[in-house]
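Everything on this sheet refers to the single structure shown next.
The values are calculated or read from the model by the stated rules, or taken from the named source; none is laboratory data. Model, not experiment: these values are computed from the prediction. A quick note on method: Cβ atoms are made from the backbone with ideal geometry, for glycine too, and the neighbour counts reach across all protein chains shown. Note: areas computed on protein heavy atoms with side chains; ligands, DNA, RNA excluded. Shrake-Rupley method; radii C 1.70, N 1.55, O 1.52, S 1.80 Å.
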Amino acid sequence: VTTKPIIFDGDTGGLTEHFVYTVKSMERMGVSAVIIEDKTGLKKNSLFGNEVKQTQDSIENFTAKIAAGKRAQKTKEFMIIARIESLILEQGMADALARADAYVKAGADGIMIHSRRKEPDEIFAFVEQFRQKDPQTPIVVVPTSFNAVTEEEFKERGVNVVIYANQLTRTGFPAMQHAAETILKNHRAKECDEQCMSIKEIINLIPEEE
């Protein structure tokens, strides 16, 4: 559907023996990269932090998973990006940096660092300290909480990729809710017209093949 790079959110990557098959499958489908986080168990949104029970994987287990995924790769271009949850789970900067170093040594092609603080201070501190030791490995950030920082500022500090994780979902749902309420209130769709993009406009968003 696109020639743009596709990054897949792989959650924890699952069991190591399953992750190797996931990597092979994604490569065949044309996915460009997978991001896996160093937590265990069922998916819990990171922004809950320690409000819900979340367990961080050991460095030993997670590096083994990264290494197994890299061995399973068939192409040089595919990337495995390691997401570090140390700051989310309040394990400290030293733990986050130690994990970043270990994950890169295990073969990770990039590091994603996350925080649920509204101020970007700890993200900036991580990037600065990581870059002192590793000027090359791509760094990914997801500024859901610390959303006042511009892409230019991230770039100046050494960040390579900025992912806007849920803004389209969070703006789409209120629009759909408003449309549904309008229809239910008026028992018809006419009053909803001014909220709607035309079908012709939607179709024209899809480029014609040359």
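Residue 121 meets all of the listed conditions (1) more than 24 Å from residue 10 (Cα to Cα); (2) crowded, with 19+ Cβ neighbours inside 10 Å but one, namely (2). Condition first: touching a helix residue (DSSP H, G or I) at 6+ places or on another chain (Cβ under 7 Å) and charged (D, E, K, R). Can you find one or more residues in region 103-111 that meet it? Scanning region 103-111 turns up no residue that is touching a helix residue (DSSP H, G or I) at 6+ places or on another chain (Cβ under 7 Å) and charged (D, E, K, R).
Here residue 193 meets each of (1) of a type outside the set (A, V, I, L, M, F, W, C); (2) closer than 30 Å to residue 119 by Cα; (3) open to solvent by 80 Å² or more (accessible area, probe 1.4 Å) with one exception, condition (2). Considering region 67-96, the residues that are part of a helix (DSSP H, G or I), more than 16 Å from residue 35 (Cα to Cα) and in contact with a strand residue (DSSP E or B) (Cβ under 9 Å, 6 or more places away or on another chain) include one that is most open to solvent (accessible area, probe 1.4 Å), namely 95.
May I ask you to verify whether residue 161 is out of contact with any helix residue (DSSP H, G or I) (no Cβ under 6 Å at 6 or more places or on another chain), closer than 23 Å to residue 12 by Cβ, touching a residue at least 24 places away in the same chain (Cβ under 8 Å) and β-branched (Val, Ile, Thr)? Yes: the conditions hold for residue 161. Against the condition closer than 14 Å to residue 160 by Cβ, touching a helix residue (DSSP H, G or I) at 6+ places or on another chain (Cβ under 7 Å) and either open to solvent by less than 10 Å² (accessible area, probe 1.4 Å) or among the charged types (D, E, K, R) (or both), how does residue 139 come out, does it pass? For residue 139, the condition - closer than 14 Å to residue 160 by Cβ, touching a helix residue (DSSP H, G or I) at 6+ places or on another chain (Cβ under 7 Å) and either open to solvent by less than 10 Å² (accessible area, probe 1.4 Å) or among the charged types (D, E, K, R) (or both) - is met. Of all residues in region 121-148, those that are of a type in the set (Phe, Trp, Tyr) have Cβ atoms under 9 Å from Cβ atoms of residues that are open to solvent by 90 Å² or more (accessible area, probe 1.4 Å) and assigned to a helix (DSSP H, G or I), 6 or more apart or on another chain, in 124/157; 146/121. For residue 107, the test of being of a type in the set (Gly, Ala, Ser), open to solvent by 10 Å² or more (accessible area, probe 1.4 Å), under 19 Å from the mean Cα position of the chain (by Cα) and at pLDDT 95 or above is passed.
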